[in-house]
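Here the structure is laid out as structure tokens; the discussion comes afterwards.
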Protein chains: 2
Amino acid sequence: MEEMLEVFDFLNKLMASGDYVRLKEELNSEQPANVAEYFEELTAEKQLFAFRLLTKDMAADVFSYMDSDTQEHIVHSITDREVRSIVDEMFLDDTVDFLEEAPANLVKKVLRNTDAEKRTLINQFLNYPENSAGSLMTIEFVKLRSTMTVANAMKQIKYTGTDKETIYTCYVIDDQRKLIGVVPLRTLIFAADDNIIEELMQDDVVSVLTTDDQEEVANSFKKYSWMALPVTDTEGRLVGIITVDDIVDVIDQETTEDMEKMAALLPSDDEYLKTPVIVLARNRIVWLSVLMISGTLSSFVILQYNSLLEAAVVLSGFIPIITGTGGNAGSQASTMIIRGMALGEIGTKDSLKVVWKEIRVGVLCGAALGIINMVKMTFINTDTGFWIDLSVSLSMAAVVVLSKTIGCLLPILAKTMKLDPAMMAGPLISTVVDAVALVIYFSIAMTFVL
Amino acid sequence: MEEMLEVFDFLNKLMASGDYVRLKEELNSEQPANVAEYFEELTAEKQLFAFRLLTKDMAADVFSYMDSDTQEHIVHSITDREVRSIVDEMFLDDTVDFLEEAPANLVKKVLRNTDAEKRTLINQFLNYPENSAGSLMTIEFVKLRSTMTVANAMKQIKYTGTDKETIYTCYVIDDQRKLIGVVPLRTLIFAADDNIIEELMQDDVVSVLTTDDQEEVANSFKKYSWMALPVTDTEGRLVGIITVDDIVDVIDQETTEDMEKMAALLPSDDEYLKTPVIVLARNRIVWLSVLMISGTLSSFVILQYNSLLEAAVVLSGFIPIITGTGGNAGSQASTMIIRGMALGEIGTKDSLKVVWKEIRVGVLCGAALGIINMVKMTFINTDTGFWIDLSVSLSMAAVVVLSKTIGCLLPILAKTMKLDPAMMAGPLISTVVDAVALVIYFSIAMTFVL
């Protein structure tokens, strides 16, 4: 990180001193990701100037690493001819990523500078459902025929491979463009020149459909440690491939979505700092109000026990600690189950095992917390007396057991109903637990205190 | 998933019918990851039997995909000779992964069946700190010299490449084994036979140190879309490489750790279903008790307002809804900040921007929730009266603003103090917010209700 700042400083100095020859040289020899980062720090004018110092290849590379604001500014400012040259060099999936976010006038500017064939493809890509395999894939891959020799295949790779996103996995198709095999470049390298592809290829190919969800695709990558995965249409025709570097982004995106749901937020793909205040507020108000209104139930429970509270108002002092601990205990359980499900470690078939485990964990935690609380109240809350201490401690123990059980049941229930288990996390669990916890607390207190 | 069950059924049938020739054929042509999954469903006896049907290569592959229980059972049951053959075939990083988890007697059994050179390496690997680049890397990579021609390099790859984890990125070292360049196989394929490596290689190499944390390594992969990354010692000597498929696991592991911390759990690498109840309970009791004891503060606040509550016991009915909403509002803010920090989207330099944004979001959310609550209480909680409704609604609004501010401040504070921001999530935020929320609530109520 600090090294990066030094590089940026150096580039800024070159820019300031007008040594553009050197600046051009440095920019074109840096990592494209770093140059893109540098551009984000520049003023709009300097961005454009520096961008024009990049070679054609480098410009396309750097462009695909930029954030959408910078991309839009660049496309807005450059000539049609320059747009054409970037689009020519860029991989189709990167172009589509940009177009998905871009405003209509820029989309037009790009499409008008794209040849008819590529334009058709782009439009097709823009029509794949968001977060589907189709929207992730690239069409720049190496196609081979099963009858080729290794020597021919290598020639084909040398001849057609330069503009492919990967040449390390090659795909074998038949006359109907149906995917019939996969052969890693590695196999070709170690094979004799006159071997036939058909004998070398793996014909038991795992592929995904254009409409498959990206989460499934990511899970397949995790399980098999793929470098790339072919994407077919419903007829089994090969239409694209997905490479592992795009999957890394998908995994982050899916996890962020889960975390947001778990924190009672409407999920969003946008970076925090770039999301307007009003959008952030809207994404939060929905669940906050739902949960607040559901909280009315606990008000009713408390008001039901009006006379108990009037007789021993000190009991109200332990409401937050009991509901709070219940919420925490429930969150712990639900988080473990939700994450286990997301990683494929826990399935609905494990439901009974999970519930039985959580009940036992709950009993251990409940007993420990009850005892700790009893000791704590005896020594710290000295004005409460034995029976109140006992009521709070017993409630604490019972509430923890109950919260653990609810905490694991709700995600399982969601999964069974084909809902996203991530919804059933801390905030929702707390709200559900609150009312029940209060009933337990007041019932126990009624017995001991009144 | 269903397809998989069909495959398993088929394999079981072959096993039951005693058609071992066919079973052997099927097992050896399946994906190693699937065979490993199948083994986990078998009884110990059948596992061993089926394992012995695998070819040497396949056995090593399948072994590295197995869970640790199955691995241990296999190593425990097979002969020394078989152990030797698996260890020979396995990549060093997979062997080390197994040894890190295995009980001492199995570690001995493996080490005694490893040649001296490999044993030294394994011991060295076992000494790298857990979760460091050193513990992740593999030593099976292709080394080239800068003076080689492309033809020579290709020969070297063909000759030495078969047992390398990847041949797609080759590393150029000097006489002192110092890393001086990287050249993708792709570049070699497209180059002329008599080109010299020195002219083709990228000499501006990004590398990591053996002691670097895996999270930094993962971030580097994300930023640059690498396939592999070289690892050097402090002298700049190349000691290993990390490939992208291992990074996918690291990303999952790091996220799980964050989520566990965010749910007030002690983080653990073990799968939920395989963790004993007592360990699960221990990982939860620590934070549950800390938070419960901290909750004493809110008890003190409430008991401070004894006389107010005695005068208007109905006020206690809204304690959970106010503290709950505060907790939820705070969790939302902290989750967004923690995640943004983990993804590198938010740094400490953005602190002021973040706080100012959260205050504005808080005001919007607070105003909305205050109004919704006022309407709700007027129509649902009809026995409370205007002044109590107003007290609760105003408190709600103020508490939301405050919680948002605390929710974003605490992770920033943690980051500044070089602590893990993930700790500062829902449970901790709720506990902090509770006491302050209650002070606000009762102060407002004092003014309007008494």
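Just so you know, in region A:125-159 the residues that are loosely packed, with under 14 Cβ neighbours inside 10 Å and either over 31 Å from the mean Cα position of the chain (by Cα) or at positive phi (or both) include one that is farthest from the other protein chains (Cβ to nearest Cβ), and it is A:Thr147. Here B:Gly407 meets the list (1) touching a helix residue (DSSP H, G or I) at 6+ places or on another chain (Cβ under 6 Å); (2) away from every other protein chain (no Cβ under 12 Å) almost entirely, failing just condition (2). Candidates B:Ser294, B:Ser289: the one that is free of Cβ contacts under 8 Å to residues at least 60 places away in the same chain and small (Gly, Ala, Ser) is B:Ser289. Tell me yes or no: at least one residue of region B:353-360 is more than 29 Å from the chain's Cα centre (by Cα) and surrounded by 24 or more Cβ atoms within 10 Å (Cβ to Cβ). Checked region B:353-360: no residue is more than 29 Å from the chain's Cα centre (by Cα) and surrounded by 24 or more Cβ atoms within 10 Å (Cβ to Cβ).
So is A:Val75 closer than 22 Å to A:Thr120 by Cα and modelled with pLDDT of 85 or more or not? Considered against the rule, which asks whether it is closer than 22 Å to A:Thr120 by Cα and modelled with pLDDT of 85 or more, A:Val75 comes out as yes. Within region B:416-434, the only residue that satisfies the criterion of being surrounded by fewer than 24 Cβ atoms within 10 Å (Cβ to Cβ) and either among the polar types (S, T, N, Q) or not assigned by TED's automatic domain parsing to the domain that holds B:Ile319 (or both) is B:Thr416.
Closer than 25 Å to A:Asp163 by Cβ and not acidic (Asp, Glu), is that true of A:Leu99? When the stated conditions are applied, A:Leu99 passes them.
Count of region B:259-271 residues, restricted to those that are over 22 Å from B:Arg339 (Cβ atoms) and facing chain A (nearest Cβ under 7 Å), is 1.
Is it fair to say A:Tyr20 is within 14 Å of chain B (Cβ to nearest Cβ) and aromatic (Phe, Trp, Tyr)? Let's see the steps before the verdict.
Values: within 14 Å of chain B (Cβ to nearest Cβ): no; aromatic (Phe, Trp, Tyr): yes.
Considered against the rule, which asks whether it is within 14 Å of chain B (Cβ to nearest Cβ) and aromatic (Phe, Trp, Tyr), A:Tyr20 comes out as no.
Residue under question is B:Ala16, and the condition is that it be modelled with pLDDT of 85 or more and in contact with a Phe, Trp or Tyr (Cβ under 8 Å, 6 or more places away or on another chain); does it hold?
Values: modelled with pLDDT of 85 or more: yes; in contact with a Phe, Trp or Tyr (Cβ under 8 Å, 6 or more places away or on another chain): no.
No; evaluated as a whole, the condition is false for this residue.
Please enumerate the residues belonging to region A:236-258 that are touching a helix residue (DSSP H, G or I) at 6+ places or on another chain (Cβ under 6 Å) and either more than 23 Å from B:Asp246 (Cβ to Cβ) or more than 9 Å from every other protein chain (Cβ to nearest Cβ) (or both). Those that are touching a helix residue (DSSP H, G or I) at 6+ places or on another chain (Cβ under 6 Å) and either more than 23 Å from B:Asp246 (Cβ to Cβ) or more than 9 Å from every other protein chain (Cβ to nearest Cβ) (or both): A:Ile242, A:Val250, A:Glu254. Residue count for region B:202-214, restricted to those that are of a type outside the set (Val, Ile, Thr) and away from chain A (no Cβ under 13 Å): 3. For beta carbons closer than 7 Å, sequence separation of 6+ or different chains, a first residue in region A:333-344 that is surrounded by fewer than 24 Cβ atoms within 10 Å (Cβ to Cβ) and a second that is β-branched (Val, Ile, Thr), the qualifying pairs are A:Gly340/A:Ile346.
Select from region A:160-180 the residues that are among the β-branched types (Val, Ile, Thr) and surrounded by fewer than 17 Cβ atoms within 10 Å (Cβ to Cβ) and list them in ascending order. Even if it seems obvious, please write down each step before you answer.
Our first condition is that a residue be among the β-branched types (Val, Ile, Thr); within region A:160-180, this holds for A:160, A:162, A:166-167, A:169, A:172-173, A:180.
Correct list: A:Thr160, A:Thr162.
Counting residues in region B:275-285 that are closer than 30 Å to A:Glu30 by Cβ, within 21 Å of the chain's Cα centre (by Cα) and more than 7 Å from chain A (Cβ to nearest Cβ) gives zero.
Is it true that A:Arg186 is under 20 Å from B:Tyr65 (Cβ atoms) and more than 27 Å from the chain's Cα centre (by Cα)?
Details: under 20 Å from B:Tyr65 (Cβ atoms): yes; more than 27 Å from the chain's Cα centre (by Cα): yes.
Taking the combined requirement at face value, the residue satisfies it.
The values are calculated or read from the model by the stated rules, or taken from the named source; none is laboratory data. For clarity, every value in this text was computed on a predicted model and none was experimentally measured. Heads up, the Cβs are rebuilt from the backbone with ideal geometry, glycines too, and the neighbour counts pull from every protein chain shown.
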